[in-house]
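Below is one structure, written out as structure tokens, with a few remarks after it.
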Amino acid sequence: MSDEPTQRDYRPTVFLPKTDFPMKAGLPHKEPGIQAKWEEIGLYEKLREARSGREKFILHDGPPYANGDMHIGHALNHVLKDTVVRTQSLLGKDAPYVPGWDCHGLPIEWKVEELYRKKKLDKKEVPAKEFRAECREYAQKWVDVQREQLKRLGINGRWDKPYLTMRPKAEGAIVAELHKFAETGQLYRGAKPVMWSPVEETALADAEVEYQDLTDSPQIDVAFEIVESAIPELVGAYAVIWTTTPWTIPVNQALAYGPSINYDIIDWNGKRFLIANEGGLQAEAMNRWGFDPKSGDGSLVKMIKGSDLAGTIVRHPMHHLGGFYAKPRPMLAGDFVTTDSGTGIVHMSPDHGEDDFDLCKANGIDPVFAVMGDGRYRDDWLWLGANDLDAEGKERRRSVINKPFNAPEGPICSDLREAGALLSASADYQHSYPHSWRSKAKVVYRCTPQWFIAIDEHLGHLPAISPAEQSWEGEGGDSTIDEEVTAGSPTLREIALGEIASTRFVPEKGRNRLRSMVEGRPDWLISRQRAWGVPIALFVHRESGELLVDPDVNRRIQTAIANDTVDAWEESRAAEYLGPDRNPDDYEMIGDILDVWFDSGSTHAFVLESDEWPELQSPADLYLEGSDQHRGWFQSSLLESCGTRGRAPYKAVLTHGFTMDPKGMKMSKSLGNTVDPLKVMEQYGADIIRLWALSVDYTEDHRIGDEILKGVGDTYRKLRNTFRYLLGALSDFDYESEGVETAQMPELERYMLHRLAKLDANLRTAIDDFDFNEYVRALAEFTNEDLSAFFFDIRKDRLYCDAPDGLERRAYRTMLDILFQALIRYTAPVLVYTAEEVWSTRFPDRASIHLEELHALPADWIDDALAGRFDAMRELREDVMEAIEPLRREKTIRSGLEADVSVPSSAIPDGFSDADLAELFIAATVVRGQGSTVEVTRTSDNKCGRCWRLLPDVAEDGALCSRCDEVVTEMDAAA
RNA sequence: GGGCCGGUAGCUCAGUUGGUUAGAGCGCACCCCUGAUAAGGGUGAGGUCGGAGGUUCAAAUCCUCCUCGGCCCA
């Protein structure tokens, strides 16, 4: 075509999208600036004003521990919380978010002690007040660090006034909660074996204990001589026990057998031994003792049933020491005795085991408190006490978890061997054993005086559970509550179980998990022998041992602590609290502090009910934490609230799983597979972490890694470019002069209204279900499938080439505006920074997208008849695309615009003209054919030099079609 | 060791009370466009639904066992 005149370049006459909004996000660089803007305009406060008086939605923040940087679990948890709050706000509710931190407790105390050790200071020489001040400072430091990190994540909340469990008012309120338990008789001091760390000299909470596998644990078999029995063959025989804790033998007080287990009396080496008749177990045990089955010197004397052992009495191998050791040891029936390992007979020390304690208590055998806090036997202990010296006159006593002390050659085994009671001793047993998670040192069970909240006491101060509230009973047929409930007031456990039944759980399986834990849990051990925490601020009468329950005294204590921090609980102020009518010398001031779970379990009281945060209210609509909090905060909050208020502090509980590495393995520093959210924010941006958190199935364990984040980045870019296109296509759009009523719009636009309305309904359901995975998926799929690949592609021609005042083009732009207004709101809770960037690009004068609410879409946008036709058309469209493909492959045509398409007329939905279809299929022409398949040929029409469509009214390639001719003529005239 | 939960394409997820050739989006491969351009469009290849038994006319779906992983507990 070299002989043709130079064609005019029509590019300047085409209305291309126009925007400064960059395709490349540069989030790590851009986000901090947007964050700064939010702080500057006071976004959180503005939002509170905007939603003032609306229905409230209260998400109560579970306080993270103020120790260390934010990790991926915090990030996930807070993104979910923030998204809940933002989506509720989007619905128009007033959804405040007051973040909080858990500040007391052992880990912080430990850190401060570590600093002391580095400075060669002894904690015991530092006044408690000073020590606590340092703990306070340490916690505050990490609160500040985490606060900045969470802000950077885009979490919108009351950052200028978070709640801290160490604020004096909080400390006072926590004591007030404790006093409620005391005043209603739910608190008691008991002796119970608790996990005790001899190294740290404190009782440990379950959460402070971790189990490690040992391969060199001692194991010994000890023979107890039977002195009385209803079975003659047993008198003079030996009951053999097996234990991995030789140090408990000096505190033995009984033996336990399984009543339904069968036992053998076996004659071996001239002695008779009692052992369970359990093949593997018996062979294994006797093998340890050195029994050779081939020698034939062992023979079965008699087989008996466990229950036959009732009334049997044995004596301690060290009975010659007299005193404690001379007392007879009864054999007791214990259901917990198994034949998994050992001998089928278990030695009992009520001081050092839960089963032991319970069984002995039931049989009138009390603990003897033989082991002191540092792990040694007390001075006056007959065996291995302070006066027990070796040949060189050195004390043989050591900490009971000292390895040589328990070794086969150690003092315990040596003495037992000498007494002829040690059948075997070695240090090669493999099992998992509890350790302190801070010091990594072994812990022991030890009986000490501790404070407990009773779980099964009937609470007279609360109304009985109503029949309606008992309706959950029998659902699973495994109820632990029976006719007792109706007999009187409920117990704390019963109230809690009733509340679990009436709470919403997302996902539902959380209910079973919490319920089974509450059903099975023991009394709540709330005392700790530490310094950094809220004191168990109570007095005990020295003479009577009774707890002083005087509301006036308690009020004075609460006020003092609320004013002066926990430091107010000191001896010098006892008189002030007790008042003029009592003599401080008559009272013991309890020196223990509270379990930190009691602190955090009380947050509903000192945060939700406090007038310090008037925007909050109780009970909360939602608690949202990781699934580990079934054991933790969900439960401690439930018990605290049920014990003081008779109801749960929450209406719903949402739990999420844990974040694993790309292979689904747990992250750990030692494996080096951790993902640091701070680094991800530096590399990808906070919006990417947020989108990741909402894209995975967070109700289960889920994964993170480079490949996953890359995929999230792809989803992000698609959303971002959709907004870039909308911004460009809508540049200079003015509804007043250009807008089209939806009723006047072409069918395609009205179909998109329908699709949008459907999406809107889906998203609202997802919000109600807290199903953000579905939310993000639906949003992304809509932008990909309905918009980018369908609507935008079809309407490209109208947008670029139609006259600006043409109805179709105006209708399209109106539709784009509707889409923009909806999509930017849907996106705002997810991509908080990007949404703001988009919003401020289009509306530089408006404060923030995050103040906006969802619009209620007109009901008449739903048009099922229209949608049915269009859905059918889209299916046909897919067939057409498929039919065009071979021609493109063989280069007969390049684009669909060059295709003449013949479609079986029977396949065409009603109401579409051939021209409609050509436009919808982005083809040259569409005709109705007689055949049963879609046929495609290359069109013979020429290509318009402006709109590039191939049309019959184009005289030659490069000339204008009539539509473009009109538009260009008008533009030329205007110019 | 015990309780509970989970294992569907390379990735993230759907799969209703068991019912036709197991789906989506992304990624990938190939192609088109070059007037959303480090963008947009099209087509296509990917799965013995962790494994093995069993129930059933029929199982990703129900049962048993095993395995891997997780949370909690000991």
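Some observations on this one:
- You will find that of A:Glu418, A:Glu409, A:Glu392, A:Glu354, the residue that is open to solvent by 10 Å² or more (accessible area, probe 1.4 Å) and touching a residue at least 60 places away in the same chain (Cβ under 8 Å) is A:Glu354 and no other.
- Picking from residues in region A:638-670 that are among the basic types (Lys, Arg) and within 11 Å of RNA strand B (Cβ to nearest atom), the one that is nearest to the chain's Cα centre (by Cα) is A:Lys666.
- All positions within region A:697-717 that are near RNA strand B (Cβ under 7 Å from one of its atoms) and under 21 Å from A:Glu682 (Cα atoms): A:Arg703, A:Glu707, A:Ile708, A:Gly711, A:Asp714, A:Thr715, A:Arg717
- Residue in region A:54-70 that is within 16 Å of RNA strand B (Cβ to nearest atom), at pLDDT 95 or above and hydrophobic (A, V, I, L, M, F, W, C) present: no
- Residue in region A:771-779 that is without any contact (Cβ under 8 Å) to a residue 12 or more places away in the chain, assigned by TED's automatic domain parsing to the domain that holds A:Val838 and either aliphatic (A, V, I, L, M) or surrounded by fewer than 17 Cβ atoms within 10 Å (Cβ to Cβ) (or both) present: no
- Of all residues making up region A:189-210, the number that are open to solvent by 50 Å² or more (accessible area, probe 1.4 Å) and either out of contact with any Pro (no Cβ under 8 Å at 6 or more places or on another chain) or closer than 15 Å to A:Thr244 by Cα (or both): 4
- Of the listed requirements (1) more than 17 Å from the chain's Cα centre (by Cα); (2) within 12 Å of RNA strand B (Cβ to nearest atom); (3) open to solvent by less than 10 Å² (accessible area, probe 1.4 Å), A:Asn673 misses just one: (3).
- Strands (runs of 3 or more DSSP E) lying entirely in region A:247-347 (those with 1 or more residues that are within 45 Å of the chain's Cα centre (by Cα), buried (at least 20 other Cβ atoms within 10 Å of the Cβ) and of a type in the set (Gly, Ala, Ser)): A:254-257, A:271-276
- Selection status of A:Ala425, modelled with pLDDT of 80 or more and surrounded by fewer than 21 Cβ atoms within 10 Å (Cβ to Cβ): no
- Which listed residue, of A:Asp900, A:Asp916, A:Asp953, is more than 16 Å from RNA strand B (Cβ to nearest atom) and buried (at least 19 other Cβ atoms within 10 Å of the Cβ): A:Asp900
- Out of A:Arg888, A:Arg846, A:Arg869, sole residue that is assigned to a helix (DSSP H, G or I), open to solvent by 20 Å² or more (accessible area, probe 1.4 Å) and away from RNA strand B (no atom under 16 Å from the Cβ): A:Arg869
- The residues of region A:488-522 that are part of a loop (DSSP other than H, G, I, E, B) and either acidic (Asp, Glu) or out of contact with any Gly (no Cβ under 7 Å at 6 or more places or on another chain) (or both), listed by number, are A:Gly488, A:Pro490, A:Thr503, A:Pro507, A:Glu508, A:Arg521, A:Pro522.
- Residues considered: A:Gly510, A:Gly498. Of these, the only one that is open to solvent by less than 30 Å² (accessible area, probe 1.4 Å), more than 26 Å from A:Gly190 (Cα to Cα) and away from RNA strand B (no atom under 16 Å from the Cβ) is A:Gly498.
- Of all residues making up region A:693-718, the number that are in contact with a Leu (Cβ under 6 Å, 6 or more places away or on another chain) and open to solvent by 30 Å² or more (accessible area, probe 1.4 Å): 0
- Failed condition for A:Thr939, given (1) in contact (Cβ under 8 Å) with a residue 40 or more places away in the chain; (2) hydroxyl-bearing (Ser, Thr, Tyr); (3) within 30 Å of A:Ala867 (Cα to Cα); (4) surrounded by 17 or more Cβ atoms within 10 Å (Cβ to Cβ): (3)
- Condition met for A:Ala923 (outside any helix (DSSP H, G or I) and touching a strand residue (DSSP E or B) at 6+ places or on another chain (Cβ under 7 Å)): yes
The rows are residues; the columns are (1) β-branched (Val, Ile, Thr); (2) part of a loop (DSSP other than H, G, I, E, B).
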residue: A:Leu678; (1), (2): no, no
residue: A:Ala693; (1), (2): no, no
residue: A:Asp697; (1), (2): no, yes
residue: A:Thr715; (1), (2): yes, no
residue: A:Thr722; (1), (2): yes, no
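- Given (1) over 25 Å from A:Asp953 (Cβ atoms); (2) away from RNA strand B (no atom under 16 Å from the Cβ), index of the condition A:Thr925 fails: (1)
- In summary, A:Ile465 fulfils each of the numbered conditions (1) of a type in the set (Val, Ile, Thr); (2) over 17 Å from A:Ser217 (Cα atoms); (3) modelled with pLDDT of 80 or more with the single exception of condition (3).
- The residues listed here are A:Arg810, A:Arg795, A:Arg825; of these, the one that is open to solvent by 50 Å² or more (accessible area, probe 1.4 Å), modelled with pLDDT of 95 or more and not assigned by TED's automatic domain parsing to the domain that holds A:Leu917 is A:Arg810.
The values are calculated or read from the model by the stated rules, or taken from the named source; none is laboratory data. Values in this document were obtained by computation on a predicted structure and should not be read as measured data. Please note: Cβ atoms are built from the backbone with ideal geometry, for glycine as well, and neighbour counts cover all protein chains shown. Accessible surface is based on the protein model in full, side chains and every heavy atom, while ligands, DNA and RNA are left aside. Shrake-Rupley method; radii C 1.70, N 1.55, O 1.52, S 1.80 Å.
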